[in-house]
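> What follows is a structure written as structure tokens; I'll ask about it next.
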Amino acid sequence: MTTTSGAVRAYHPAQLGTLAVIAWSGEHPDDERDMPFLLAYSLGDGSGGPEAVEPAARQLLGQAGLRVGTEYVDAVRADALPITLLVEAGQAVLTMPHLSAQCAVPPEWLTAVGERGHVYFLFATRPWPQATPGVPVTDEMLRDFVGDEEMLSTAAHCLLPVRQLR
């Protein structure tokens, strides 16, 4: 008799280490309005070092209904994802299964959110140890990380609706 193993690896948040979120806005190729972007990334300081980040992030993203690759999930049209983004008082609060993170957002990002009602959310599976919370990230640093083809092809992409307290 043959049996198969349906083992599911447990998600271990400690492997992600410090999770940070950064917001910016910029041009969008489809129209003239700025797109608000939100990037979640690990510093790679978790319990397995930088090597453990990608498998842990992929597992987390899979549980949240996101896939890794360059195609995006449109959560604006489908409410099935267990991911929320609350924007209030100049802060963005991202909530996913097993984690919550927040960041201050610039005024131009808030303007873009007000015009669109959603953000382009990226969750990097590659660590970004140079972008430590509390230390300014230059435009060049952001452009280098976010513009890297390997980072983009191994990240999850999602149009995420924004919720606000009323």
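One line per residue, one yes/no per condition, for (1) out of contact with any helix residue (DSSP H, G or I) (no Cβ under 7 Å at 6 or more places or on another chain); (2) at pLDDT 95 or above:
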position	(1), (2)
P29	yes, no
E32	yes, no
M35	no, yes
L38	yes, yes
Y41	yes, yes
G49	yes, no
Q63	yes, no
T70	no, no
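> Failed condition for G117, given (1) in contact (Cβ under 8 Å) with a residue 12 or more places away in the chain; (2) within 24 Å of Q15 (Cβ to Cβ); (3) surrounded by fewer than 19 Cβ atoms within 10 Å (Cβ to Cβ), with all others met?
(2)
> Does P107 count as on the phi < 0 side of the Ramachandran plot, of a type outside the set (A, V, I, L, M, F, W, C), open to solvent by 40 Å² or more (accessible area, probe 1.4 Å) and modelled with pLDDT of 95 or more?
Details: on the phi < 0 side of the Ramachandran plot: yes; of a type outside the set (A, V, I, L, M, F, W, C): yes; open to solvent by 40 Å² or more (accessible area, probe 1.4 Å): yes; modelled with pLDDT of 95 or more: yes.
Yes: the conditions hold for P107.
> If you don't mind, there's one more thing I want to ask. Give the range 102-142 a look and list any residue that's more than 23 Å from S153 (Cα to Cα) and either in contact with a Cys (Cβ under 9 Å, 6 or more places away or on another chain) or of a type in the set (A, V, I, L, M, F, W, C) (or both), or say none.
Initial filter on the range 102-142 (more than 23 Å from S153 (Cα to Cα)): 102-117, 133-136.
Hits for the range 102-142 are C103, A104, V105, W109, L110, A112, V113, P133, V135.
> Quick check on my filter: what residues within the range 121-138 are open to solvent by 40 Å² or more (accessible area, probe 1.4 Å) and under 16 Å from the mean Cα position of the chain (by Cα)?
R126, P129, T132, P133
The values are calculated or read from the model by the stated rules, or taken from the named source; none is laboratory data. Bear in mind that the values here come from a model prediction, so they are computed numbers and not experimental data. All Cβ positions, glycine included, derive from the backbone under ideal geometry; neighbour counts span all protein chains shown. With ligands, DNA and RNA removed, areas are computed over all heavy atoms of the protein, side chains included. Shrake-Rupley method; radii C 1.70, N 1.55, O 1.52, S 1.80 Å.
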